[in-house]
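Report on the structure given below.
The values are calculated or read from the model by the stated rules, or taken from the named source; none is laboratory data. Computed from a prediction, not measured in an experiment: that's the story for all the values here. No Cβ is skipped: glycine too gets one built from the backbone with ideal geometry, and neighbour counts run over all protein chains shown.
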Amino acid sequence: MARPVVRHLASLACAALVAVLPAATFGQNGDQKPAEQAKPAEPGKETTGRGDDTAEANRALSGPAARSECVWLGERAVGLMWRDDLDTAFRHLDLYDRFGCPGDHIQFSFRCVVRQGNIDPKAIETFNARVHSCWQNPALPPAAPAAAAAEKSDKPGTK
């Protein structure tokens with residue numbers, strides 16, 4: 001009696017194996033090329049371009065707000081708060097606090113970004129430059145009303 005049960009289980013296992021194995025090979029490409037070996041970066045050079053921003057912040061700031069991790073997380077948190085992505089901004093702020101970065105600098109930088117006025121959400125580079133400049137100098141004067149009016153007149157469809 002036990003022999004037919006074992007035989008039945010064995011046939012089910014084989015059927016399952018036959019059904020699963022072809023599906024696993026679909027994800028593989030027959031023309032696989034060897035992985036390209038990454039060239040080692042030169043010592044002292046950042047490949048992401050963030051090294052320039054943090055070095056610039058180190059020259060403009062002093063104290064913990066100038067540390068690389070504080071600059072990176074702080075600018076990201078300020079940008080996320082501006083875009084109303086508060087859940088993600090709070091997660092960045094938790095890390096920011098964990099690294100011992102100054103919370104006041106976040107407040108001053110965000111205030112600076114807000115005082116500069118609205119910006120086109122599609123102009124990512126312009127927005128990132130504004131956040132970076134406000135991070136380096138949170139006491140930047142507010143944007144002139146004439147400059148804000150010129151930005152509005154440049155947009156098509158606005159009067």
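So in the stretch 114-124, with the set limited to residues that are among the aliphatic types (A, V, I, L, M) and surrounded by 12 or more Cβ atoms within 10 Å (Cβ to Cβ), which one is nearest to the chain's Cα centre (by Cα)?
ALA123
For residues in the stretch 125-141 being part of a loop (DSSP other than H, G, I, E, B) and loosely packed, with under 12 Cβ neighbours inside 10 Å, which is modelled with the lowest pLDDT? Let's see the steps before the verdict.
Let us first name the residues in the stretch 125-141 that are part of a loop (DSSP other than H, G, I, E, B), namely 137-141.
Right, trim to loosely packed, with under 12 Cβ neighbours inside 10 Å and you get 139, 141.
Values: ALA139: 90, PRO141: 87.
Step by step, filter the stretch 125-141, then rank; the result is PRO141.
Kindly provide the set of residues from the stretch 95-113 that are assigned to a helix (DSSP H, G or I), surrounded by fewer than 21 Cβ atoms within 10 Å (Cβ to Cβ) and over 15 Å from the mean Cα position of the chain (by Cα), ordered by number.
ASP97, ARG98, GLY103, ASP104, GLN107, PHE108, ARG111, listed by residue number.
Would it be correct to say that PHE90 is of a type in the set (Phe, Trp, Tyr), crowded, with 16+ Cβ neighbours inside 10 Å and in a helix (DSSP H, G or I)? Please lay out each step first, then the result.
Working: of a type in the set (Phe, Trp, Tyr): yes; crowded, with 16+ Cβ neighbours inside 10 Å: no; in a helix (DSSP H, G or I): yes.
When the stated conditions are applied, PHE90 does not pass them.
Looking only at the stretch 92-127, how many residues end up being polar (S, T, N, Q), touching a helix residue (DSSP H, G or I) at 6+ places or on another chain (Cβ under 7 Å) and either touching a residue at least 40 places away in the same chain (Cβ under 8 Å) or closer than 17 Å to CYS70 by Cα (or both)?
Going through the stretch 92-127 one residue at a time, the tally reaches 1.
Which members of the stretch 61-87 meet the condition of being on the phi > 0 side of the Ramachandran plot and either touching a residue at least 12 places away in the same chain (Cβ under 8 Å) or assigned to a helix (DSSP H, G or I) (or both)?
Taking the stretch 61-87 first, the residues on the phi > 0 side of the Ramachandran plot are 63, 84.
Listed by number, the list holds a single entry, GLY63.
Considering only residues that are part of a helix (DSSP H, G or I) and hydrophobic (A, V, I, L, M, F, W, C), which ones fall in the stretch 114-124?
VAL114, ILE124
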